[in-house]
Amino acid sequence: MGAPLTGSSDHGWKDGGMPDSEDVVTHARERRVVVIGAGVAGLVAAWECARVGLTVTVLDAADRSGGSLAPVEIDGLTLDAAHIDIAPGDPEAEAVLHLLGCDTVSVPDARIALAGGGPLPGDELLGIPVNPWAPEVRRIIGWSGTWRAYLDRLRPPLTIGREPRLGALVRTRLGERVADRLVTPLAAARWETTPDDLDADAVLPGISTALTRTGSLTGAVSQLQAHPEPARRALRSGFASLVAALDTHLRDLSVEVHTGREATGITARDEGWRVTTDDADIHADAVIIATGAADAGRLLEPVLGDVEALVAVDEVDVVTLVVDATDVAQGGPDVLVFPRGSEVYSATDVTARSPQVGPARRVIRVVLAASERDDAALAAVAAASVTDLVGASLTSSRVRGVARSRRVAAGTGRRVADSARREATRAMIDAHEGLDIVGGWLAGGDVADEIGDAVRTAERVRHGLLWGREPDLGTP
């Protein structure tokens, strides 16, 4: 992403021609990359650079790798702090997982219910019904909502342009009740934002084309369902296995990973960059910033100027509860979604993903809008929200342990405004030779997006350092 890292025309190669293998190895080891941030994007970028022989140093202020998705310790268990599903179709992400030896398993379809409202219909995409007359749909949107949705079949198709916002598209075609009672809770659970902010084609690829072809939104959904995307997959041994595999491979490549060491600033030099830490300065030929949005803004502001608008992203609080399940009902829904206006986005029973839990405990993960509540108050809100999920009120004596974490909302990268923000950020950084940036807050909230973007960015960095020009990798 950064501008080409130029040097002499022959890079010091023998006779000014193509290098031999010894020249390449020596040249690579003389080039240092500093990666600031040891989350998944930073670790992948460091690994990709180190694999071609570059000297790589990783810095992170936290006391362990993993970033905002680092596993949490509760009641003697090591648990993922989030759903780490891998969306299909990103070849870079799939190649990284294969090379690291991280096995994946298919994620089964979840039984989803609306909090206080019973199960949601199954033949839908993000709540958009194929048949608004179906009893399970009519039960939620009522007769007036069903008749309004039926008018979709009578409206003209979108023949010029498209409606980019999912919420506006659904309201225009199917009415307020479908948008508010079906689409809004499911979009909030899956993407952790309002459908009015989501790009319709980004979350439902091909929906605009299918709408034009079929003439109705319900028909478009039916057509997309006829050609479903491959199932999402999860890491068999959890996110901790990915971080551990990356740590092992980085050690094997002699990468220095310094946790508990904060990068306090970056400064451009005549040749390369100076990275300032709390105890020393490090010279780097290239710097890859792989922190969260707030820390990225702090580091970039002295270089780029005002970056507040570029690093503004939505975040969510994630509360993981370990619950005494000795007399808790079984067989309920897997996921609760919440009505429009709720501060809770979703509550998910993730016990099946935590085989070490055993029959006496259940693991519940609650995702809420980010707030400044203290841990105890947030845990109380989370516990109160899951009655429909566990079939009982969670008194304090039933909760065996709680952990709180904060991360980028899953919908980051799929909101209408995100494409422009991402392009503006990358364009500003492009003007600074040897400076690049990766991370879920920029690439998107999906781990596959984050990994793929880190691979492509590292390829640009290492190609520039070794050859003085960038490969044509297209737009990530």
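Check 353, 361 and return the single one that is more than 21 Å from residue 191 (Cα to Cα), in contact with a strand residue (DSSP E or B) (Cβ under 9 Å, 6 or more places away or on another chain) and not hydroxyl-bearing (Ser, Thr, Tyr).
Checking each option against the conditions leaves just 361.
When you check residue 422 against the structure, is it without any contact (Cβ under 8 Å) to a residue 40 or more places away in the chain, touching a Leu at 6+ places or on another chain (Cβ under 8 Å) and under 27 Å from residue 196 (Cβ atoms), yes or no?
Spelling it out, residue 422 is indeed without any contact (Cβ under 8 Å) to a residue 40 or more places away in the chain, touching a Leu at 6+ places or on another chain (Cβ under 8 Å) and under 27 Å from residue 196 (Cβ atoms).
If I filter the range 215-240 down to residues being within 30 Å of residue 97 (Cβ to Cβ) and either modelled with pLDDT of 90 or more or of a type in the set (Asp, Glu) (or both), which single residue comes out as surrounded by the most Cβ atoms within 10 Å (Cβ to Cβ)?
Top of the filtered list is 224.
Inside the range 287-402, counting only helices (runs of 4 or more DSSP H) that do not spill past its ends, which hold 1 or more residues that are crowded, with 18+ Cβ neighbours inside 10 Å and assigned by TED's automatic domain parsing to the domain that holds residue 277?
Correct list: 293-304.
Taking residue 249 as meeting all but one of (1) farther than 30 Å from residue 37 by Cα; (2) part of a helix (DSSP H, G or I); (3) touching a residue at least 12 places away in the same chain (Cβ under 8 Å), write down the number of the exception.
Just one mismatch for residue 249, condition (1).
Can you name every residue in the range 416-443 that is among the acidic types (Asp, Glu) and part of a helix (DSSP H, G or I)?
Those that are among the acidic types (Asp, Glu) and part of a helix (DSSP H, G or I): 418, 423, 430.
Show me the helices (runs of 4 or more DSSP H) entirely contained within the range 119-229 in which 2 or more residues are more than 27 Å from residue 389 (Cβ to Cβ).
Counting at least 2 such residues, we get 135-150, 166-174, 200-203, 207-214, 217-226.
Hey, among the residues in the range 149-201 that are among the polar types (S, T, N, Q) and within 15 Å of residue 345 (Cβ to Cβ), which one's nearest to the chain's Cα centre (by Cα)?
Residue satisfying both the conditions and the ranking: 193.
I'm trying to understand the selection: among the residues of the range 101-112, which are surrounded by 18 or more Cβ atoms within 10 Å (Cβ to Cβ) and either assigned to a helix (DSSP H, G or I) or among the aliphatic types (A, V, I, L, M) (or both)?
Once the filter is applied, which keeps residues that are surrounded by 18 or more Cβ atoms within 10 Å (Cβ to Cβ) and either assigned to a helix (DSSP H, G or I) or among the aliphatic types (A, V, I, L, M) (or both), the range 101-112 yields only 112.
The values are calculated or read from the model by the stated rules, or taken from the named source; none is laboratory data. Please read all numbers here as calculations on a predicted model, not as lab measurements. Every residue, glycine among them, receives a Cβ derived from its backbone with ideal geometry; neighbour counts consider all protein chains shown.
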